[in-house]
Amino acid sequence: MEGNMLANFDSIREQNMIALKEVKEKGAKVVGFYCTYGPQELAVAAGAICVGLCGTKEDPIPAAEQDLPRNLCPLIKSSYGFAVSDTCPFFHFSDLVIGETTCDGKKKMFELMAKIKPTYVMQLPQTQEGEASLALMYAEMKKVKEEMEKHLGVTITDEAIGEAIALLNEERRTLKEFFDLNQAKPAVITGMDLLKVSWQLGFHANRKERTVLLRRLIDDLKAKAAEGYHVGDESTPRILLTGTPTGLGSEKVIRLVEECGGLVVSIENCTGYKTLNQYIDENDPRDKLLLLAERYLKIPCSVMTPNTGRLELLERMIKEFQVDGVIDLTWQACHTYNIESTTVGQLVKDKLGLPFLHLETDYSQSDVETLRVRINAFLEMIQE
Amino acid sequence: MTVALAVGIDVGSTATKIVFKKDQGDIHCHIRPTGWSPREAAQAGIRALLEETGYSESQIKATVATGYGRIALSFADRTVTEITCHGRGAAFLVPGADLVIDIGGQDSKVLKINNQGKVLDFLMNDKCAAGTGRFLQVMAAALGLDVSELADLSAGQEPVKISSMCTVFSETEVIGLLAQGVAKGAIVAGLHQSIARRMAAMVGRLGKPETKAVFTGGVALNLGVQRSLEQLLGIPVVTHQYSQAAGAIGAALIAQKMI
């Protein structure tokens, strides 16, 4: 994308560090989230600022490895490393951290993190099916609400939850609209820009301003596209990235695809498209916490078994985004995504007849050249 | 009419392979150590092959570079990955094969290919050089042998089990086995089998091959590894006199299409 269009997004994280410090000094409350399972609506309803804390940079990993094993997912190590070395201002300013029992690595890491910061770890069911799972999710929504009320010293009303639901629905719809611009062929947004925009927005303390900024970008892009603007061309290989989360600092696979002449047209992971079409009916009169429980239980994450929703989403995205090949990224030692890759590969190769590449790596740069060969060869498979 | 030459260059970690391909007829092949400079190895190889064949530099109409040193060859018209090139080259050498097993100096890969040598799927070894040519070189040195002696020494021997695939740990293990008085032939047969097992596991992940496999890369010169692979895979594993140059041949074939 042309530089000036993204100028507003380049420094959201930096600007909000300063803004956060100022509002904290005036008494604002901050809740830190690591995962898309965290019900941000409740923090918004509590009048708190939500910040995304999921670790995407390599820098704090050595600090984390003083307490955590080396052979562990880099995302968990990075998240914990930022916390334990006090090098993440967003963690620093958080009054409460919401964790989840997504995978084994995370749930045990949160035990250690709870020694540094008030942490509530949501108990997630292992499956999306059955009444027991929904009952647990509902009970956890109640617990999260109570914990927030206790730690933030507020009362969360149903009315406020309803308003937060509407606000986040709108936010997700807008972000989906942004991603969906790339259904056009040729595409209009590079994968690196998709990542930058979605990752930076997560740090914006003002929820309404987030959507305003993004709306302006969508309008600009639509106007440019109408004048013939695009990235890549008709023959550029269109890659769908799926798998573990990505952010700035852990973007190497996206960068390599685009350096090698491909284009990541969409990103099916929890920092990308995975949860963007999951809305809550604002007119549903039932208990708001139940509505939240239902919505969050539907997230098609590999920690759920079975996880057929991810396959359905992938199949739909492959068609809608006119995808030529799928790259499945697994962070080292992430068992659930690593194993699920076999099923995803079967869908892509056997059912849909498209090239599929599974990559397992970490946040380091040590394997960049061997990754480059694989990605280059994968793009050659598509082009030749 | 003068002959137009397509040149393929595969700069591997250990050897540089140069291939001339004419519109019709045979290929010409030259192999030399890569040494410290990929660019110099490639240029010296081209000069040597021009001298050997009597062609002149002006007859070179297209050059494609592949292999880990491909980026260093700025004079090439195009660079293509060794994965795509091995597929093309292997299908040229052994028509009808649906699998390529390539073991080079520092990496190994398996490719599923179609009749034209187009790569349908592939897997490459991970971050280390376990089970590659370098692994065999280190083991041969530990046994006081040259790699070229390994195949003959292992023929007909009952393989001893080698448990580690890490070059460093295997070396320790081999020295330990020698100290226990285990015959060198049995140790070498064991090393071949452990390499073959590793490759067979990679093949298994790609799905079962149906017809035959082409064995390429420097380790394809070792008949002991080839025999072990055939036993484990249950299909013919074919080598060719130009197996080591399959990547360069593929590069030359791609170059030929550019003329």
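The values are calculated or read from the model by the stated rules, or taken from the named source; none is laboratory data. Being a predicted model, the structure only gives us computed values, none of them experimental. As a convention, Cβ positions derive from the backbone with ideal geometry for all residues, glycine included, and neighbour counts pool all protein chains shown. Just the protein is used for accessible areas: all its heavy atoms, side chains included, with ligands, DNA and RNA removed. Shrake-Rupley method; radii C 1.70, N 1.55, O 1.52, S 1.80 Å.
Cβ-Cβ distances below 8 Å connect the following pairs, each with a first residue in region B:120-140 that is at positive phi, a second residue that is among the β-branched types (Val, Ile, Thr) and open to solvent by less than 10 Å² (accessible area, probe 1.4 Å), and a separation of six or more residues or different chains: B:GLY131/B:ILE103; B:GLY131/B:ILE195. Residues in region B:158-171 that are more than 16 Å from B:LEU136 (Cβ to Cβ) and polar (S, T, N, Q): B:SER163 alone.
One line per residue, one yes/no per condition, for (1) at pLDDT 95 or above; (2) surrounded by 17 or more Cβ atoms within 10 Å (Cβ to Cβ):
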site: A:ALA135; (1), (2): yes, no
site: A:VAL144; (1), (2): yes, yes
site: A:GLY153; (1), (2): yes, no
site: A:GLU159; (1), (2): yes, no
site: A:LEU194; (1), (2): yes, yes
site: A:LEU213; (1), (2): no, yes
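Of everything in region B:88-106, what is touching a helix residue (DSSP H, G or I) at 6+ places or on another chain (Cβ under 8 Å) and either open to solvent by 10 Å² or more (accessible area, probe 1.4 Å) or facing another protein chain (nearest Cβ under 9 Å) (or both)? Give them in sequence order.
Those that are touching a helix residue (DSSP H, G or I) at 6+ places or on another chain (Cβ under 8 Å) and either open to solvent by 10 Å² or more (accessible area, probe 1.4 Å) or facing another protein chain (nearest Cβ under 9 Å) (or both): B:ARG88, B:PHE92, B:LEU93, B:GLY104, B:GLY105, B:GLN106.
Number of residues in region A:102-124 that are under 18 Å from A:SER302 (Cβ atoms) and part of a strand (DSSP E or B): the value is 1.
The residue pairs whose first member lies in region A:366-378 and is in contact (Cβ under 8 Å) with a residue 60 or more places away in the chain and within 7 Å of chain B (Cβ to nearest Cβ), whose second member is of a type in the set (Phe, Trp, Tyr) and buried (at least 17 other Cβ atoms within 10 Å of the Cβ), and whose beta carbons are closer than 7 Å, counting only pairs six or more residues apart or on different chains, do not exist in this structure. Contact annotation: residue pairs with Cβ atoms under 8 Å, 6 or more positions apart or on different chains, pairing a residue in region A:182-197 that is closer than 7 Å to A:VAL231 by Cα with a partner that is of a type in the set (Lys, Arg) and open to solvent by 10 Å² or more (accessible area, probe 1.4 Å), are A:VAL188/A:LYS224.
Residues that are outside the structural domain of B:ALA196 (by TED's automatic domain parsing) and closer than 25 Å to B:ILE259 by Cβ do not occur anywhere in region B:109-116.
Can you confirm whether region A:288-306 contains a residue that is over 30 Å from A:ALA139 (Cα atoms) and at pLDDT 95 or above? So far as region A:288-306 goes, no, none of its residues is over 30 Å from A:ALA139 (Cα atoms) and at pLDDT 95 or above. In region B:191-201 there is no residue matching the filter, namely being in the same structural domain as B:LEU153 (by TED's automatic domain parsing), assigned to a loop (DSSP other than H, G, I, E, B) and surrounded by 24 or more Cβ atoms within 10 Å (Cβ to Cβ). Condition first: within 11 Å of another protein chain (Cβ to nearest Cβ), in contact (Cβ under 8 Å) with a residue 60 or more places away in the chain, more than 20 Å from A:LYS298 (Cα to Cα) and not basic (Lys, Arg). Can you find one or more residues in region A:315-324 that meet it? No: zero hits. The number of residues in region A:89-111 that are charged (D, E, K, R) and under 11 Å from A:VAL30 (Cα atoms) comes to 1. The residues of region A:28-61 that are touching a strand residue (DSSP E or B) at 6+ places or on another chain (Cβ under 9 Å) and assigned to a helix (DSSP H, G or I), listed by number, are A:GLN40, A:LEU42, A:ALA43, A:VAL44.
Is one or more of the residues making up region A:234-251 closer than 26 Å to A:ARG310 by Cα and basic (Lys, Arg)? So far as region A:234-251 goes, yes, one or more of its residues are closer than 26 Å to A:ARG310 by Cα and basic (Lys, Arg). For region B:13-45, give me the residue count where each residue is open to solvent by 10 Å² or more (accessible area, probe 1.4 Å) and assigned to a loop (DSSP other than H, G, I, E, B). Counting residues in region B:13-45 that are open to solvent by 10 Å² or more (accessible area, probe 1.4 Å) and assigned to a loop (DSSP other than H, G, I, E, B) gives 10.
Output the number of residues of region A:365-383 satisfying the condition of being of a type in the set (Gly, Ala, Ser) and closer than 16 Å to A:LEU248 by Cβ. Counting residues in region A:365-383 that are of a type in the set (Gly, Ala, Ser) and closer than 16 Å to A:LEU248 by Cβ gives 0.
Determine whether A:GLY353 is at positive phi and within 13 Å of chain B (Cβ to nearest Cβ). Yes.
Yes/no per residue for (1) touching a residue at least 24 places away in the same chain (Cβ under 8 Å); (2) open to solvent by 70 Å² or more (accessible area, probe 1.4 Å); (3) within 23 Å of the chain's Cα centre (by Cα):
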{"site": "B:LEU153", "(1), (2), (3)": "yes, no, yes"}
{"site": "B:VAL160", "(1), (2), (3)": "yes, no, no"}
{"site": "B:THR167", "(1), (2), (3)": "yes, no, yes"}
{"site": "B:LEU177", "(1), (2), (3)": "no, no, no"}
{"site": "B:GLY181", "(1), (2), (3)": "no, no, no"}
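Residues in region A:89-133 that are within 21 Å of the chain's Cα centre (by Cα), under 15 Å from A:ALA46 (Cβ atoms) and either open to solvent by 30 Å² or more (accessible area, probe 1.4 Å) or aromatic (Phe, Trp, Tyr) (or both): A:TYR120 only.
Residues in region B:51-65 that are among the hydrophobic types (A, V, I, L, M, F, W, C) and buried (at least 20 other Cβ atoms within 10 Å of the Cβ) were compared, and the one that is nearest to B:ILE103 (Cα to Cα) is B:ALA65. Is region B:66-81 home to any residue that is within 17 Å of the chain's Cα centre (by Cα) and either away from chain A (no Cβ under 13 Å) or open to solvent by 60 Å² or more (accessible area, probe 1.4 Å) (or both)? Yes: one or more hits. Can you confirm whether region B:56-76 contains a residue that is among the basic types (Lys, Arg) and more than 24 Å from A:GLU380 (Cβ to Cβ)? Looking through region B:56-76, none of the residues is among the basic types (Lys, Arg) and more than 24 Å from A:GLU380 (Cβ to Cβ).
Summed over region A:246-297, the residues that are part of a strand (DSSP E or B) and not aliphatic (A, V, I, L, M) give a count of 2.
For region A:362-373, does any single residue satisfy the condition of being of a type in the set (D, E, K, R) and under 16 Å from A:VAL264 (Cα atoms)? If you could, list the steps in order and put the result at the bottom.
Let us first name the residues in region A:362-373 that are of a type in the set (D, E, K, R), namely A:362, A:367, A:369, A:372.
Checking the rest, the ones that are also under 16 Å from A:VAL264 (Cα atoms) come to A:372.
Scanning region A:362-373, I find at least one residue that is of a type in the set (D, E, K, R) and under 16 Å from A:VAL264 (Cα atoms), so the answer is yes.
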